[in-house]
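The values are calculated or read from the model by the stated rules, or taken from the named source; none is laboratory data. Not measured: the values here are computed from a predicted model. Positions of Cβ are backbone-derived with ideal geometry, glycine not excepted, and every protein chain shown enters the neighbour counts.
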Amino acid sequence: MENNLKKQQAGSGSLNSQLNTRDHTLTGKKRSEPKIWYKLDLSAIVYPTLQRRDFSSVYRLSVLLKEPVDPVILQKAADIALTRFPTYKTAIRKGLFWRYLEPNNRPGPFVQKDIRNFCMPMPFKAGNRYLLRIYYYDHRISLEAHHCLGDGTGGMCVLQTITAVYLRLLGHEISNGYFVMDINEPPHPEELEDAYMKYANAKVCPARPGEKTYRVRGTREPFYTFNVIDGIMSVKEVIAVAGKYNATITEYLNSVLLYALIQKQQSEWHLNLRPVKIAMPVNLRRFFPSRTLRNFITMVYPAIDPRLGEYTFEEIVKQVHNYMRYYINEKFLRGDITTNASTQRNPFIRVVPLFIKDFVVRQFYTRVQDKNSSAGLTNMGALKVPEDMKPFIERFDIYMGQPFSSRTNCAIISFEDTLTINFASSIMESDVERYFFRKLVADGIHVTIESNRESLPEAMEHI
């Protein structure tokens, strides 16, 4: 299928993210086989730029099965399933003007026993240059992927397909559907495309007003320490409580996190209050028809400004509700991705050497973008799997990975009647998490707390 796709050049309109080929002529001989490569999508361009010795843009997806995992069978399943995802079985390369992904035929990725402090930095030349890891522990299978490969939707397709193949190798009949891809079919061309460039066609590039927000200050943990606190609860209970506030689950949980951040700011000494803002990715596939397994998200920023006065929780929910209705729609989101794409399409910027682009992007992100939010929150929503796969699954988890700076990130996912809220941070303090779960409990939601810490902070033990 790949060899039938047209040759692409960087920035060449709506097809510029599809499969690219470059022909090389051998002197005095017939032409060699085309070399396959994939241009980084619009979001993926940024993530390698932010790479540090102690930070990579890595996220984790996990599935908890009802039976212990056999690592030998899991390795076979991974080897079989990953052939279906050519953009995930790649290595990142650097050119003069841009980075790109090329197929990685080295052995791997190898299934490993899980580690306590996961989502560790992912050096591009380590692990046979693979940009994903597969772990197992007891009943759990986990996939970690570098964000330059794709977002959580693409990663979930990889994880669920590996899991389905694993269950089939154990002798179970598992259908395709939802996130489980057919491993006997080649990938559809749309799965490989840069969907941003396809839909970035608004006639105006809306400006993005920015203002420094409240930043959570904490004691940085030693390198390679990753603190996780999970809250597990009933979907029905959360829906019932959110309904009392006339809100969706996403609106309600965004409001609870804003409430927790306000509580945290008020508990500290401060010269001036600052706005509290959440960076929340939106899955653009909900608004634009795309089958891409690469990145296709954009950010929105629900916020509360405590300088305007004291907000009740009901007022916070109402403001978040109205914000979501105003900004999360096809028209606004099209304008937003058009603004993002305008830089990529600029002919002058395209010929600027990569090291200069890296410097400018890194400075902008560090000085402006990272200071534009107080915390991150993503909600992957209610996951579905084929009916014959349901009996083998307990729940799913999602983690946003190491924050770029000292703060906490929150990720939400649900399966059947189990909703899991996963907090991840690299600071010792857990005040935001404590305020968050206390509010849920006060609203009548029963929460089970799990953590990778040796012992939870005393305050967390009595939420």
Kindly provide the set of residues from the range 208-225 that are closer than 19 Å to Pro275 by Cβ and touching a residue at least 40 places away in the same chain (Cβ under 8 Å), ordered by number.
Arg208, Gly210, Glu211, Lys212, Thr213, Tyr214, Arg215, Val216, Arg217
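Test of understanding: among Tyr47, Tyr100, Tyr136, Tyr59, which residue is over 29 Å from Glu454 (Cα atoms), aromatic (Phe, Trp, Tyr) and assigned to a strand (DSSP E or B)?
Sole residue among the options that is over 29 Å from Glu454 (Cα atoms), aromatic (Phe, Trp, Tyr) and assigned to a strand (DSSP E or B): Tyr100.
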Scanning for something farther than 18 Å from Ser374 by Cβ and over 24 Å from the mean Cα position of the chain (by Cα), does the range 324-335 turn up at least one residue?
no
Answer yes if at least one residue in the range 454-463 is outside any helix (DSSP H, G or I) and more than 20 Å from Phe226 (Cα to Cα), and no otherwise.
yes
Only residues in the range 89-107 that are within 15 Å of Leu132 (Cβ to Cβ) count as the first member; pair them with residues that are among the charged types (D, E, K, R) and surrounded by 15 or more Cβ atoms within 10 Å (Cβ to Cβ), Cβ under 7 angstrom, at least 6 apart or cross-chain, and list the lot.
Thr90/Glu102; Ala91/Glu102; Ala91/Arg129; Ile92/Arg99; Pro103/Lys89; Asn104/Lys89; Asn104/Arg129; Arg106/Arg129
Would you confirm, using the coordinates I've provided, whether Ile239 is within 25 Å of the chain's Cα centre (by Cα) and either free of Cβ contacts under 8 Å to residues at least 12 places away in the same chain or part of a loop (DSSP other than H, G, I, E, B) (or both)?
yes
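Can you find a residue that is of a type in the set (Val, Ile, Thr), crowded, with 21+ Cβ neighbours inside 10 Å and over 25 Å from Asp70 (Cβ atoms) anywhere in the range 124-136?
No: zero hits.
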Would you be able to say whether some residue in the range 330-344 is under 30 Å from Thr225 (Cα atoms), of a type in the set (A, V, I, L, M) and modelled with pLDDT under 95?
no
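Being small (Gly, Ala, Ser), crowded, with 23+ Cβ neighbours inside 10 Å, modelled with pLDDT of 95 or more and part of a strand (DSSP E or B): is that true of Ala164 here?
Details: small (Gly, Ala, Ser): yes; crowded, with 23+ Cβ neighbours inside 10 Å: yes; modelled with pLDDT of 95 or more: yes; part of a strand (DSSP E or B): no.
The answer is no for Ala164.
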Residues of the range 346-374 satisfying the condition of being surrounded by 15 or more Cβ atoms within 10 Å (Cβ to Cβ) and not hydroxyl-bearing (Ser, Thr, Tyr)
Ile349, Leu354, Lys357, Asp358, Val361, Arg362, Gln369, Asp370, Lys371, Asn372
What are the residues in the range 114-156 that are within 22 Å of Val385 (Cα to Cα), over 13 Å from the mean Cα position of the chain (by Cα) and in contact (Cβ under 8 Å) with a residue 40 or more places away in the chain, if any?
Ile134, Tyr136, Tyr137, Asp138, His139, Arg140, Ile141, Ser142
On the basis of being among the aromatic types (Phe, Trp, Tyr), farther than 24 Å from Ala200 by Cβ and in contact with a Lys or Arg (Cβ under 7 Å, 6 or more places away or on another chain), does Phe355 make the cut?
no
